Amino acid sequence: MEKHNLINEFPEFKEKIHDLKIQNAHFKKLFDDYEVLENEIYKINTEQLNVTDEYAHELKAKLLHLKDELFSLIKE
């Protein structure tokens with residue numbers, strides 16, 4: 001199973017993501033939150049962590065929301 005960190009999701013914006021993490025505290029916080037959630041979902045998907053389906057879906061919805069918010073900041 002492949003990880004879906006932000007750089008893997010948007011490789012064409014690698015430099016912009018790096019710059020935003022350094023220059024924009026709000027982006028950095030969202031980025032860090034995304035990485036934590038993505039890591040937890042990865043553990044669930046690889047059965048390293050057992051949770052209810054409802055909780056897994058909740059995490060995935062949060063991740064998608066963060067990804068959308070981060071992408072909107074990247075595209076500015």
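The values are calculated or read from the model by the stated rules, or taken from the named source; none is laboratory data. The structure displayed is predicted, hence computed values, not measured ones. Virtual Cβ from ideal backbone geometry, glycine too; neighbours counted across all protein chains shown.
Laid out as a table, the results:
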{"item": "Single residue of the stretch 1-59 satisfying the filter (over 23 Å from residue 72 (Cα atoms) and of a type in the set (A, V, I, L, M)) that is modelled with the lowest pLDDT", "result": "1"}
{"item": "Filtered residue count, the stretch 21-76, keeping only those that are touching a residue at least 40 places away in the same chain (Cβ under 8 Å) and among the small types (Gly, Ala, Ser)", "result": "0"}
{"item": "Filter pass, residue 3 being among the basic types (Lys, Arg) and in contact with a Phe, Trp or Tyr (Cβ under 8 Å, 6 or more places away or on another chain)", "result": "yes"}
{"item": "Count - residues of the stretch 21-58 that are of a type outside the set (Lys, Arg) and over 14 Å from residue 4 (Cα atoms)", "result": "19"}
